[in-house]
Structure formats: C-alpha cells, structure tokens
Amino acid sequence: MYEILKREEIAENIILNEIKAADIAAKAKPGQFVLVKANEQGERIPLTISMSDKSKGTITIIYMVVGKSTKIFSSLDKGDFFEDVIGPLGMPTHIEKLDRVICVGGGTGIAVLYPIAKGFVEKGSNVDVILGARNKNLLILKDEMDNISKNLMICTDDGSDGRKGFVTDALKDELEKEKADLVVAIGPVMMMKAVSELTKKYNVKTLVSLNPIMIDGTGMCGCCRVSIGGKTKFACVDGPEFDGHEVDFNELQMRLRAYLDREKKSLEDYNCKISGNR
C-alpha cells in the first residue's frame, strides 16, 4: 500500500499526487514511469514520475481525469492509499551537457518533461522551454519551468496566456534564430508528430516520449508495441523515449484511439453505476 501525502488539483481536471514510495524514489531517474493501481478491481495505469525526493522518500505523479481509472484515482484524498505502485520502469533519459536544448511540452506531457528539462539544466545545458495548452486553465508547472529554463515561451490555442497559436509556431521561430542540439517533445501524439516533422527539416535530433496501451510494464504482454524505424519496439522496456523522426505516429494514434474509446465507455458505465447508487 502506498500512502498519498498530497492531493492537489493543479489545473482543470488535472490532479497531482505526492506518494510515499521510498524504494522507488531512491532509484527513479528522469523519463522513467510507474504503474499505478487504485484497488484490487482497478487496472494498472502507466504514469511518468514527474518529481522524486530521495530524502523524503516520495514520488509525484500528475494525471488528467479522462476515464474510469483516473476518475477513481481522483477520488482518493490525502491519507488514502494506492493498492500498487510499481517502478521505476522504462529506460531513463540520456542526459548530458549540450549547448542548447529546446524542451516542448503540451498538456499533461509537461509533467513528464519537467524532470528531463531540470536534468539537462543540472548538467549545465542551456534549456529553452515551450509550453502549450488549449487555454490557461489547462497549463501546468509554468512557474516550475520558468525557474529552471533560460527562456520560457507559452502558447495557448485561444491566446488566454502567452502567444496565441501552437508550440510548433514558437519552435519554428526558435530554430530559425539559433541552432539547437536537441529537441525534447512530450505531449499529445499529434503535437509530437508535428514537432518531429518540423525538426526533421532542420536536421535537429528529437526525442519523444510515447504512452501506448500498457499492462505489465515488462514487455511480456506486447500491448505497448510501437513501430520505430520500421521495427517493432516495446515502450515499457525499450522506451518510453524514442527518436521522433522514426516513430510511426499514425499507427500509434490508431491504437490509442481504440483504448480511449473503451475508456470513455467504461467511464460512462461507471458514472451511471454511481448515480444509480445515490
């Protein structure tokens, strides 16, 4: 059992949980994730470790409420427990000192991006950060990113914060001004696809973090398979980070759509059951 030490809704339908997990916190590195299960009847959900504190023995996860499982997660409060938290899993981000790194985050992908950006800063890299969201109410970790980055740029679809438009607009301007050694893009699939297509034109190495359907986190089930450079890889053990220029984003999008449709139906059934019990 893993105790929730903090629960905070940091944006609309986006929840932060700080969890007591000393063994995981001792080994966690940027880019790695955990599998989280609320109770015996729940399913395992992969969530990237957004922050970890070895001295406190805690890890922090951030998620958006989009289906039955995350709905159950969001109902848990400080002092409650997760049944299982398994990790750290996946390959950590290769972090080294580079002249310039541009980190691009969208939606809850910003939570995944934060420890990676921080890691590059701690290695002595110059890190520029571009954050995107549909509106300012969905933007997370803005202050935290501002504290670690050399230059922070905000993009919102409706212009309610920062620049009106997409993260690719700001990224294109930055690549025109000065060459980057690396772009790290984490967010919705279509955002990562668009960023990768743009950076390919500028011949800039690009890392993306994939979050396909996942069950066991060890590569045994095969559900998290993705096509990278025409070869099958497993996101849980070979990733979750891959070369964005080699990812088959169209295949990934189709697989995720099937999962989200199932989650939507499951959430509808769950809400009906809860309403019927009142």
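Coordinate-derived values only; no laboratory data. For clarity, every value in this text was computed on a predicted model and none was experimentally measured. Every residue, glycine as well, gets a Cβ built from its backbone with ideal geometry; the counts of neighbours run over all protein chains shown.
Numbers at a glance
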quantity: Environment charge at MET153 (Cβ cut-off 13 Å; Lys +1, Arg +1, Asp -1, Glu -1); calculated: 0
quantity: In the stretch 49-133, lysine pairs with alpha-carbon atoms under 26 angstrom apart (chain gap of 8 or more, or interchain); calculated: 10
quantity: Under the Karplus curve 6.51 cos²θ - 1.76 cosθ + 1.60, θ = phi - 60°, whole-Hz ³J(HN,Hα) for the stretch 98-113, x wherever Gly or Pro sits; calculated: 10, 5, 8, 10, 10, 9, 10, x, x, x, 6, x, 4, 5, 6, 6
quantity: Value of [θ]222 nm, deg cm²/dmol, for the chain, DSSP H segments ≥ 4, -39500 (n - 2.57) each, nearest 500; calculated: -10000 deg cm²/dmol
quantity: Gain in span if fully extended, ASP77 to ASN203, counting 0.36 nm per residue against the direct Cα distance; calculated: 40.7 nm
quantity: The stretch 4-17 - phi-based ³J(HN,Hα) in whole Hz, Karplus 6.51/-1.76/1.60, Gly and Pro as x; calculated: 8, 8, 8, 9, 9, 8, 8, 7, 4, 6, 10, 10, 10, 10
quantity: Max mean-square fluctuation residue, GNM over the chain, Cα-Cα springs under 10 Å, options PRO92, PRO46, PRO240; calculated: PRO92
quantity: Order of LEU98, LEU16 under a 10 Å beta carbon neighbour criterion, fewest first; calculated: LEU98, LEU16
quantity: Percent antiparallel among DSSP beta bridges (both partners in the chain, rounded to 5); calculated: 60
quantity: Anisotropy class of the stretch 155-266 from Cα gyration tensor, a/c 1.5 cut; calculated: oblate
quantity: Cβ-based net charge around VAL208, under 9 Å, with every Lys or Arg adding one and every Asp or Glu removing one; calculated: -1
quantity: Residues of type aspartates and glutamates that LYS20 reaches as a straight line, Cα spacing below 14 Å, ignoring anything fewer than 8 places off in the same chain; calculated: GLU3, ASP53, ASP77, ASP80, GLU83, ASP84
quantity: Exposure proxy order (Cβ contacts within 10 Å, fewest to most) of LYS56, LYS201; calculated: LYS201, LYS56
quantity: Stretchable slack from ILE10 to LEU98, in nm (0.36 nm times residue separation minus alpha-carbon distance); calculated: 28.5 nm
quantity: Spin-label model distance (nm) - ASN137 vs LYS56, 7 Å beyond Cα toward Cβ; calculated: 2.8
quantity: Principal axis box of the stretch 87-194, alpha-carbon based, largest edge first, Å; calculated: 37, 35, 27
